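Have a look at the structure below, then the notes.
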Amino acid sequence: MALAETLADLQDRVGEEIHVSDWLPVTQELVNSFADATGDHQWIHVDPERAAAESPFQSTIAHGYLTLSLYPRLRGLVDETKPLFPGVTNVINYGLNKLRFTNAVRVGSRIRAHCTLVDATEVKGSIQLTEKYEVEIEGEERPACVADCIMRVYF
């Protein structure tokens, strides 16, 4: 599918939920790996015993930025065998317009992404997509993270 065809299709879908991910378990190992990568080893993330005793969540919780950083994985942007659209050669994360962490993700819970198309425009030979990314926590009413994520898709 060519850029112009894909763009026209996407513009017709603005306002629609265009992706729901599979559930992803949030494990202590995942949280610890993120803590190691960022240097953020606050006890509320990495010390299950202390968190059980002192945290209002009674458990360790994922870093907010971990929840955000899972966007490419949950959105399906990291599997080269499954391109976002036919003919796509490259997807670049371009930034965020808004970001809120509205609920804590307890270790041991499961999360999934809901992505709603906000905008699709042609920019410098690419399609710039803005998606509302909401991270649902299984069994919770409030999402963990809400962000307007921007990416550029190249053909």
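The values are calculated or read from the model by the stated rules, or taken from the named source; none is laboratory data. Only a predicted model underlies this, so the values are computations on that prediction, with no experimental measurement involved. A quick note on method: Cβ atoms are made from the backbone with ideal geometry, for glycine too, and the neighbour counts reach across all protein chains shown.
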Conditions (1) surrounded by 15 or more Cβ atoms within 10 Å (Cβ to Cβ); (2) not in a loop (DSSP other than H, G, I, E, B); number of the one not met by Leu77: (2)
Pairs with Cβ under 8 Å, 6+ apart, first in the range 47-60 and touching a residue at least 40 places away in the same chain (Cβ under 8 Å) and under 15 Å from Ala35 (Cα atoms), second among the aliphatic types (A, V, I, L, M) and part of a loop (DSSP other than H, G, I, E, B): Pro48/Val107; Thr60/Val107
In the range 36-93, residue farthest from the chain's Cα centre (by Cα) [restricted to those that are of a type in the set (Phe, Trp, Tyr) and farther than 15 Å from Tyr133 by Cβ]: Trp43
Out of His19, His63, sole residue that is at pLDDT 95 or above, closer than 21 Å to Cys145 by Cβ and in contact with a strand residue (DSSP E or B) (Cβ under 6 Å, 6 or more places away or on another chain): His19
All helices (runs of 4 or more DSSP H) inside the range 1-64 with 1 or more residues being of a type in the set (Lys, Arg): 48-54
Test: residue in the range 134-152 that is closer than 19 Å to His19 by Cβ, surrounded by fewer than 19 Cβ atoms within 10 Å (Cβ to Cβ), in contact with an Asp or Glu (Cβ under 6 Å, 6 or more places away or on another chain) and modelled with pLDDT of 95 or more: yes
Residue check, Arg100 under 14 Å from Val26 (Cα atoms), under 13 Å from the mean Cα position of the chain (by Cα) and surrounded by fewer than 19 Cβ atoms within 10 Å (Cβ to Cβ): no
Where Phe34 falls short, out of the listed (1) closer than 21 Å to Leu70 by Cβ; (2) in contact with a strand residue (DSSP E or B) (Cβ under 8 Å, 6 or more places away or on another chain): (2)
Residue within the range 121-130 that is on the phi > 0 side of the Ramachandran plot and surrounded by 12 or more Cβ atoms within 10 Å (Cβ to Cβ) present: no
